[in-house]
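*Asks:* Pasting in a structure now, in C-alpha cells, and then I'll have a few things to ask.
The values are calculated or read from the model by the stated rules, or taken from the named source; none is laboratory data. All of these numbers come straight from a predicted model, not from anything done at the bench. No Cβ is skipped: glycine too gets one built from the backbone with ideal geometry, and neighbour counts run over all protein chains shown.
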Amino acid sequence: MSERRRIGIVDWHEKRAFYEPLTRAYAADWVDISPPALAHDPPNVDLVLVNDETWPYCAAGLAEATRRGIPSLHLPDGICEWRNTWENQRPVPFLRPVLASRVACLGAAQARLIESWGNRGKCEVTGSPRFDVLLGRQARRREPGARASVLVVTARQPAFNEAQRACVLASLRDLREVFEQRRDWQPLWRLTAGLDAELAVPGTMERPLYEQLAEVDAVISTPSNVILESMVHGLPVAMLDYTNSPAYVNAAWSITARAHIGEVLDGLAAPAANRLDWQRTLLRDQLACETPATPRVIALMERMMAGREAPVAALEAEDGRYAELKAEIAHLRQALALRPSQVLYRALCEVKRRWGARR
C-alpha cells in the first residue's frame with residue numbers, strides 16, 4: 001500500500017471552495033500553508049498547490065520550495081485578461097514567468113498565451129475542476145412568445161483604474177436604457193464592486209451563478225470566467241467591453257459600443273447555427289471540458305509527485321546557477337523582513353547609486 005501523500009495549499013483557508021473538487025476527490029493529507037511560512041520554512045510536503053504567485057512572500061516561497069526539491073503546481077482560478085495582466089499594479093508580474101514548477105492550463109489557448117511569456121515546457125492543458133459542476137447542463141427551452149431573459153454580469157474586479165470603471169459604467173447604462181425600450185427582454189443584473197447600486201438596478205450576487213444560468217436564455221458579460229461558464233451551460237454569450245482591449249478570450253457576439261447592442265440582442269434571441277458552432281469552437285480552444293478536469297489535474301499531480309527529485313544536486317552541478325539562485329532567495333527573504341524605514345533607506349541608496357552612475 002502506497003504512503004499517503006502530503007499536499008500543501010497556499011492560503012487554503014481562504015480558498016476552500018476553489019480547491020474543494022480536488023480535496024474531495026483525492027485522498028491526501030492536505031496542509032494549509034501561509035505565504036510567509038512557504039518563504040521561510042516550507043513544511044515537509046510532496047507537492048505545493050498555488051493559484052496566485054503575485055505576492056512577494058509567495059514568489060519567494062515557490063523559489064524556496066524549488067530549492068528544497070518540492071514540486072509546485074499553479075492552478076489558475078480563471079481566464080487571463082489583458083487589463084488584469086498589463087494594467088493591474090502588482091508587486092510581482094502576472095505569470096511572467098510562472099514561478100511554480102508547472103501550470104495546469106484551462107485550455108490550449110491559455111497554454112499558448114502563458115508559454116509565450118517565457119514558460120515553454122511548464123504548461124499542461126487540464127481544464128479546471130471548478131467548471132466540472134456545469135458539465136452536461138443545457139440551456140433551457142423558452143416557450144414560444146415568452147419574454148427572453150438575459151443575465152448581465154461583471155467580473156469580480158470589473159476595472160483597474162478610474163478610466164476603465166467609467167467605460168464599464170457607460171456600457172451598463174447603455175444596456176439599461178436599451179432594455180427600458182426593448183420590452184421583449186428581461187434583464188437580470190449580477191454586478192460587482194457596487195455597480196448595481198450606482199446604476200439603481202436590483203442586484204442578484206447573493207444567488208449561486210449556476211442557478212441563474214439555468215433561468216436565462218443568454219448572457220452578456222464583461223471579460224470574466226462567466227463567459228466560459230455560460231458557454232459550458234450551452235447559452236449564447238456576448239462579451240461587453242467598451243475599453244476595447246485586446247481579447248485573450250473571445251465570444252461569438254461582442255459589444256464594444258452602444259451601436260452594437262440592438263443587433264447583438266437580436267442575435268442572442270435567435271442565435272444563428274453558425275454563431276453557435278463558432279462559440280463551441282471557441283470554447284474547445286479556451287477550456288478542456290469535454291470530460292471532467294479533476295481526474296486530469298490529479299493525474300498531473302501524481303506524475304509530479306512520483307517524479308520528485310532533489311533538484312538541488314542538479315542545480316549545483318549546472319554551471320554555477322545554484323549559487324546564484326540561492327543568493328537571490330536569501331535576498332528575497334531578507335527583503336521581506338525589512339522594516340519600512342529600511343525599505344525607504346534602501347530605495348534612497350538605489351536612487352543615489354543610479355544617479356551617480358549617470359554622471
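*Asks:* Looking at the stretch 274-284, can you tell me whether even one residue there is surrounded by fewer than 17 Cβ atoms within 10 Å (Cβ to Cβ), in a helix (DSSP H, G or I), in contact (Cβ under 8 Å) with a residue 12 or more places away in the chain and under 20 Å from the mean Cα position of the chain (by Cα)?
*Replies:* Yes, that holds for at least one residue.
*Asks:* Moving on. Do you know which of the residues in the stretch 118-135 that are free of Cβ contacts under 8 Å to residues at least 60 places away in the same chain and crowded, with 16+ Cβ neighbours inside 10 Å is nearest to ASN225 (Cα to Cα)?
*Replies:* To start, the set of residues in the stretch 118-135 that are free of Cβ contacts under 8 Å to residues at least 60 places away in the same chain comprises 118-123.
Then drop every residue that is not crowded, with 16+ Cβ neighbours inside 10 Å, which leaves 119, 122-123.
Details: ASN119: 23, LYS122: 23, CYS123: 20 Å.
The residue in question is CYS123.
*Asks:* Can you pull out every residue in the stretch 223-244 that is modelled with pLDDT of 95 or more and more than 24 Å from ARG147 (Cβ to Cβ)?
*Replies:* Of everything in the stretch 223-244, those that are modelled with pLDDT of 95 or more and more than 24 Å from ARG147 (Cβ to Cβ) turn out to be PRO223, SER224, ASN225, LEU228, VAL232, ASP241, TYR242, THR243.
*Asks:* Here is a further query. Scan the stretch 254-270 for residues that are of a type in the set (A, V, I, L, M), crowded, with 16+ Cβ neighbours inside 10 Å and under 18 Å from LEU172 (Cβ atoms) and report the count.
*Replies:* Residues flagged as of a type in the set (A, V, I, L, M), crowded, with 16+ Cβ neighbours inside 10 Å and under 18 Å from LEU172 (Cβ atoms) within the stretch 254-270 amount to 5.
Matching residues to (1) over 28 Å from GLY234 (Cβ atoms); (2) without any contact (Cβ under 8 Å) to a residue 24 or more places away in the chain; (3) among the aromatic types (Phe, Trp, Tyr); (4) not assigned by TED's automatic domain parsing to the domain that holds GLY203:
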| site | (1), (2), (3), (4) |
| --- | --- |
| ALA139 | no, no, no, yes |
| GLN157 | no, no, no, no |
| CYS167 | yes, no, no, no |
| ALA170 | yes, no, no, no |
| ARG176 | no, no, no, no |
| GLU180 | yes, yes, no, no |
| TRP185 | no, no, yes, no |
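*Asks:* Residue by residue through the stretch 116-156, note down the ones that are in a strand (DSSP E or B), over 17 Å from the mean Cα position of the chain (by Cα) and within 28 Å of THR294 (Cβ to Cβ).
*Replies:* Initially, the stretch 116-156 is screened for residues in a strand (DSSP E or B), giving 123-125, 148-153.
Pick out the ones that are also over 17 Å from the mean Cα position of the chain (by Cα) and you get 148-152.
Once the filter is applied, which keeps residues that are in a strand (DSSP E or B), over 17 Å from the mean Cα position of the chain (by Cα) and within 28 Å of THR294 (Cβ to Cβ), the stretch 116-156 yields only LEU151.
*Asks:* Let me spell it out: the conditions are (1) outside any loop (DSSP other than H, G, I, E, B); (2) within 20 Å of GLN110 (Cβ to Cβ), and ALA251 meets all of them except one. Which number is the exception?
*Replies:* It is condition (1) that ALA251 fails.
*Asks:* Among the residues of the stretch 6-44, count how many are more than 22 Å from the chain's Cα centre (by Cα) and modelled with pLDDT of 95 or more.
*Replies:* 7
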